[in-house]
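Inspection log for the structure reproduced underneath, given as structure tokens.
The values are calculated or read from the model by the stated rules, or taken from the named source; none is laboratory data. Model, not experiment: these values are computed from the prediction. Note that each Cβ is placed from the backbone with ideal geometry, even for glycine, and that neighbours are counted across all protein chains shown. Only protein heavy atoms, including side chains, enter the accessible area calculation; ligands, DNA and RNA are left aside. Shrake-Rupley method; radii C 1.70, N 1.55, O 1.52, S 1.80 Å.
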Amino acid sequence: MSHDVTHTRTQQEYEYDRKRANLGMRNQVTVFALMIFLTFIAFASVQAGMSAYLVAPLILLFAAVQVALQLYYFMHWSEKGHGMAQFFMYSAAFIAFTMILAFITIIWW
Amino acid sequence: MSSTAKKKGFGATIWDYLTTVDHKKIAVLYLIAGTLFFVIGGIEAMLIRIQLAEPNNDFVSAGLFNEIITMHGTTMIFLAAMPLLFAFMNAAVPLQIGARDVAFPFLNSLGFWLFLFGGLFLNLSWFLGGAPDAGWTSYASLSLASPTHGIDFYALGLQISGAGTLIAGINFLVTIINMRAPGMTYMRMPLFTWTTFVASALILFAFPPLTVGLFFMIFDRMFDANFFDHLNGGNTIIWEHLFWIFGHPEVYILVLPAFGLFSEIFATFSRKRLFGYSSMVFATILIGFLGFMVWAHHMFTVGLGPTANAIFAVATMAIAVPTGMKVFNWLLTIWGGNIKVTTPMLYGLGFIPSFVAGGVTGVMQASAPLDYQLHDSYFIVAHFHYVIVGGIVLALFAAAHYYWPLMFNQMLNETLGKITFVFFFVGFHCTFFIQHFLGLMGMPRRVFTYQGDQGWDLFNYISTIGAFLMAIGVILLVVNVIITAIKGEPAGRDPWKDGRTLEWAIPQPVPYYNFKQTPLVRGLDTFWIEKMEGNKEGMTYAEPISDIHMPNNSFIPFMISFGLFVAAFGALYHQDADKAWSLPVLIAGLAITFLSMIVRSLKDDLGYHIHKEELMNEKGGKK
Ligand code: HEM
Ligand SMILES: [Cu+2]
């Protein structure tokens with residue numbers, strides 16, 4: 001690859017990049033706050049002594065949401081150019097799901 | 001800096017190969033190691049056939065027979081077929097996509113050394129108290145009861161070489177996703193690259209279940225865990241599931257690249273664009289997906305129940321559809337082509353009927369009620385040898401002839417190649433066709449001998465004769481390699497004259513940096529397009545000549561793998577009360593590995609640049 005090509009950005013490009021970076025930062029912080037909040041509710045619901053039948057599904061749901069937020073925001077899936085990673089992760093999840101399904105239904109029935 | 005074309009001493013050459021990170025040299029390493037294990041596995045096969053040549057034979061004992069069949073299967077699948085495919089992937093894929101190397105050259109070398117040390121470890125079991133003897137599937141209730149260290153060699157050895165395979169697979173995925181030359185869209189990739197891509201994805205998803213299964217096995221045997229021991233609440237069936245969740249995709253990991261190789265060969269020697277390219281790509285991906293949904297067809301007789309059996313039976317039969325698409329596409333590629341029957345093409349023509357026969361018996365076995373009859377009989381042995389030998393080994397031999405000029409700048413002798421084919425092909429059908437009938441007559445697989453006069457004697461004898469014919473074929477191939485090496489005639493660029501893809505556009509011998517200028521890809525069969533437009537250089541370039549960044553050689557991958565090899569001995573003997581040295585060995589081995597990794601992490605290794613001026617002077621690039 002050639003390394004000796006330098007690229008000077010125009011004023012517009014500079015401003016555009018700045019705006020995007022700002023927006024990205026705001027998203028990250030918002031999502032981070034949301035995740036802290038979800039974690040807090042999870043802890044609080046255990047602390048409040050609610051029924052396990054309510055708390056367990058709630059925590060699992062929050063966990064799923066957090067995984068999604070993690071992948072889409074902190075690992076940048078929501079941006080362009082991550083299609084392959086998404087495809088592979090979804091394939092893996094699908095294959096893992098069929099395996100778990102099979103284990104539950106035909107081994108441990 | 002330039003290290004091309006200097007004559008080196010023997011020691012320097014060895015050191016070069018021990019430290020190389022160049023995909024072309026790693027391809028050679030895979031080829032040599034794979035061939036070595038192929039020969040070992042082949043000798044084991046001959047011993048099996050000699051033992052079974054006549055009833056009540058006592059050529060080998062029952063126990064030794066079990067060790068031989070186990071090592072034959074394990075060696076052939078993990079240590080011969082996979083590495084040999086990796087050899088051709090390494091040799092061709094980066095060139096096909098117009099890349100200067102794989103994405104992670106260091107990891108490429110690490111993958112090879114892990115595989116080699118794992119394989120050596122497994123095979124050393126022969127000299128250290130006995131090889132594994134529970135079959136290549138190593139079903140838990142049998143393998144947990146095995147008294148020698150054989151199964152431990154199996155579990156630890158496969159764990160190490162499996163890590164190498166996983167690394168190699170991930171490396172190819174990243175390479176194919178990220179390193180394609182400008183213009184090389186997914187739908188312009190040659191089919192060998194496509195099948196390598198899908199096979200690598202299968203490696204990524206299929207090897208972790210094997211790793212988990214092997215760890216459970218190691219824990220059960222070494223630390224008295226009870227994953228598979230039903231007396232203590234475990235379940236022996238879990239091993240079978242884990243093994244086959246890996247095992248079925250594994251057969252597609254092997255056969256998809258074989259399909260890819262033949263797709264290249266058919267298109268090249270029919271001098272026609274591959275028929276139905278996009279449906280080929282689609283079929284490859286579909287086979288990859290379905291490959292994960294069918295593992296329980298190996299377990300119909302376990303007692304999963306009619307519902308599970310029915311589901312897996314239908315899923316298995318569904319795979320025949322995309323496979324059939326491929327077969328028809330190959331036929332239609334040849335149809336109306338300007339056919340040149342070279343040695344690789346001859347293998348291709350032999351491959352189609354052989355593989356179809358294996359596929360048909362596969363669909364037969366997929367019908368669960370019939371499989372109750374066929375299971376664990378010689379019919380199964382015939383089936384998987386038809387797909388493995390008739391599919392994969394024929395592809396490997398074809399690729400050896402086809403890619404020899406690319407890898408070594410020499411042509412294997414065509415006449416001898418065709419004679420080799422005849423011996424091997426006739427021997428193959430003679431060995432295995434008749435085994436279908438042995439199976440139907442009731443001969444079980446994995447028996448070390450049988451009573452005479454059940455109608456099996458003659459067929460077994462014929463089968464053994466076939467095995468000898470195959471052995472002659474393999475020896476002829478080796479002779480061919482030696483003759484060619486002695487003659488040492490350079491083959492030059494595009495030696496088949498009909499090359500279609502980028503790997504043939506490069507001057508020979510391939511410069512160590514591959515492409516002086518990254519090529520611009522203008523369609524499927526890039527090189528063909530350029531040739532047809534009268535472009536003597538064979539490539540349109542995407543960039544001006546500029547500095548090339550290259551990675552440095554490294555001995556660290558060897559050391560990392562060697563450390564694990566040493567540690568495995570410590571772990572293995574740690575169970576024996578009288579071997580106090582085992583713990584220090586384990587610790588020393590792990591220390592070697594981790595120290596090497598730390599050195600790698602802390603020491604900056606930024607590689608070097610080949611400068612523009614140097615490239616201009618070098619003749620390799622332009623002629
Ligand atoms: C249309 C394609 C195929 C179908 C429907 C199919 C189906 C089957 C079935 C049902 C079995 C289990 C038989 C039993 O143990 O009772 C089997 C065994 C086997 N198949 Fe296939 N197969 C197909 C292709 C392949 C290919 C392409 C390969 C390898 C490249 C392969 C390798 C094997 C092996 C190694 C076994 C034996 C496993 C063992 O018991 O040790 N098959 N096949
Ligand atoms: Cu299978």
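If you go through the stretch B:316-340 and keep only what is among the hydrophobic types (A, V, I, L, M, F, W, C), under 30 Å from A:Phe103 (Cα atoms) and open to solvent by 20 Å² or more (accessible area, probe 1.4 Å), you end up with B:Met317, B:Ala318, B:Ala320, B:Val321. Of the helices (runs of 4 or more DSSP H) lying entirely inside the stretch B:57-167, the ones with 2 or more residues being within 30 Å of B:Phe527 (Cα to Cα) and open to solvent by less than 10 Å² (accessible area, probe 1.4 Å) are found at B:82-96, B:105-124. For the stretch B:186-221, the tally of residues that are of a type in the set (Phe, Trp, Tyr) and within 21 Å of the chain's Cα centre (by Cα) stands at 5.
For the stretch B:528-579, name all the residues that are out of contact with any Gly (no Cβ under 7 Å at 6 or more places or on another chain), more than 14 Å from chain A (Cβ to nearest Cβ) and among the acidic types (Asp, Glu). Selection gives B:Glu533, B:Glu537, B:Asp576, B:Asp578. In the stretch B:243-258, the count of residues that are in a loop (DSSP other than H, G, I, E, B) and crowded, with 24+ Cβ neighbours inside 10 Å is zero. B:Met293 falls short on exactly one of the conditions (1) part of a loop (DSSP other than H, G, I, E, B); (2) more than 14 Å from every other protein chain (Cβ to nearest Cβ); (3) not basic (Lys, Arg), and that condition is (2). Do we find that B:Ile265 is under 28 Å from B:Leu144 (Cβ atoms), assigned to a helix (DSSP H, G or I) and more than 16 Å from ligand 2 (Cβ to nearest atom) in this structure? The answer is no for B:Ile265. Scanning the stretch B:174-188 for residues that are open to solvent by less than 10 Å² (accessible area, probe 1.4 Å) and either in contact with a Cys (Cβ under 9 Å, 6 or more places away or on another chain) or within 24 Å of B:Trp113 (Cα to Cα) (or both) returns B:Thr175, B:Ile176. Going through the stretch B:356-381 one residue at a time, which ones are more than 9 Å from ligand 1 (Cβ to nearest atom) and farther than 13 Å from B:Gly442 by Cα? Answer for the stretch B:356-381, where residues must be more than 9 Å from ligand 1 (Cβ to nearest atom) and farther than 13 Å from B:Gly442 by Cα: B:Val356, B:Ala357, B:Pro369, B:Leu370. Assess whether B:Phe275 counts as being within 16 Å of ligand 2 (Cβ to nearest atom) and not polar (S, T, N, Q). No: the conditions fail for B:Phe275.
Taken together, the residues in the stretch B:356-376 that are in contact (Cβ under 8 Å) with a residue 60 or more places away in the chain, away from chain A (no Cβ under 14 Å) and either within 16 Å of ligand 2 (Cβ to nearest atom) or basic (Lys, Arg) (or both) amount to 7.
Evaluation of B:Thr236 against the conditions (1) of a type outside the set (D, E, K, R); (2) away from chain A (no Cβ under 11 Å); (3) more than 16 Å from ligand 2 (Cβ to nearest atom) shows that the sole unmet condition is (2).
Does the stretch B:532-547 include one or more residues that are of a type outside the set (Lys, Arg), modelled with pLDDT under 90, within 30 Å of B:Lys603 (Cα to Cα) and touching a Lys or Arg at 6+ places or on another chain (Cβ under 7 Å)? Looking for residues that are of a type outside the set (Lys, Arg), modelled with pLDDT under 90, within 30 Å of B:Lys603 (Cα to Cα) and touching a Lys or Arg at 6+ places or on another chain (Cβ under 7 Å), one finds at least one in the stretch B:532-547, hence yes. B:Phe289 satisfies every condition listed in (1) touching a residue at least 12 places away in the same chain (Cβ under 8 Å); (2) more than 10 Å from ligand 1 (Cβ to nearest atom); (3) farther than 19 Å from B:Asp371 by Cβ except (1). Exactly one residue out of B:Phe262, B:Phe219, B:Phe243, B:Phe227 is within 14 Å of ligand 1 (Cβ to nearest atom), farther than 19 Å from B:Thr195 by Cβ and of a type in the set (Phe, Trp, Tyr), and it is B:Phe243. Taken together, the residues in the stretch B:163-174 that are closer than 21 Å to B:Ile287 by Cβ, of a type in the set (Gly, Ala, Ser) and away from chain A (no Cβ under 14 Å) amount to 1.
For the stretch B:174-220, which residues satisfy the criterion of being small (Gly, Ala, Ser) and under 14 Å from B:Thr501 (Cβ atoms)? Of everything in the stretch B:174-220, those that are small (Gly, Ala, Ser) and under 14 Å from B:Thr501 (Cβ atoms) turn out to be B:Ala181, B:Gly183.
Just one of the listed residues (B:Ile352, B:Ile380) is more than 16 Å from ligand 2 (Cβ to nearest atom) and either hydrophobic (A, V, I, L, M, F, W, C) or within 14 Å of chain A (Cβ to nearest Cβ) (or both), namely B:Ile352.
Looking across the stretch A:93-109, just one residue is farther than 27 Å from B:Gly234 by Cβ and within 9 Å of another protein chain (Cβ to nearest Cβ), and that is A:Phe94. B:Ala315 - would you say it is within 16 Å of ligand 2 (Cβ to nearest atom), small (Gly, Ala, Ser) and in contact (Cβ under 8 Å) with a residue 24 or more places away in the chain? Taking the combined requirement at face value, the residue satisfies it. Quick check on the stretch A:30-53. Is at least one of its residues within 11 Å of chain B (Cβ to nearest Cβ), at pLDDT 90 or above and over 30 Å from B:Thr236 (Cβ atoms)? So far as the stretch A:30-53 goes, no, none of its residues is within 11 Å of chain B (Cβ to nearest Cβ), at pLDDT 90 or above and over 30 Å from B:Thr236 (Cβ atoms). Only one of the numbered conditions (1) within 16 Å of ligand 2 (Cβ to nearest atom); (2) within 30 Å of B:Gly607 (Cα to Cα) is not met by B:Gly111, and that is (1). All of (1) without any contact (Cβ under 8 Å) to a residue 60 or more places away in the chain; (2) open to solvent by less than 50 Å² (accessible area, probe 1.4 Å) hold for B:Thr415 with one exception: (2). Of the residues making up the stretch B:205-236, those that are under 30 Å from B:Ile392 (Cα atoms), open to solvent by less than 50 Å² (accessible area, probe 1.4 Å) and free of Cβ contacts under 8 Å to residues at least 60 places away in the same chain number 6.
Restricting attention to the stretch B:288-310, which residues are within 16 Å of ligand 2 (Cβ to nearest atom), open to solvent by 10 Å² or more (accessible area, probe 1.4 Å) and farther than 22 Å from B:Thr137 by Cβ? Selection gives B:Phe289 alone. If you check B:Ile285 against the conditions, is it under 22 Å from the mean Cα position of the chain (by Cα), within 14 Å of another protein chain (Cβ to nearest Cβ) and either within 16 Å of ligand 2 (Cβ to nearest atom) or assigned to a helix (DSSP H, G or I) (or both)? Judged against the criteria, B:Ile285 is a match. Can you confirm whether the stretch B:491-501 contains a residue that is touching a strand residue (DSSP E or B) at 6+ places or on another chain (Cβ under 7 Å) and in contact (Cβ under 8 Å) with a residue 40 or more places away in the chain? Within the stretch B:491-501, none of the residues are touching a strand residue (DSSP E or B) at 6+ places or on another chain (Cβ under 7 Å) and in contact (Cβ under 8 Å) with a residue 40 or more places away in the chain. Applying the condition of being β-branched (Val, Ile, Thr) and more than 14 Å from chain A (Cβ to nearest Cβ) to the stretch B:175-210 and asking which residue is nearest to B:Ser279 (Cα to Cα) yields B:Thr195.
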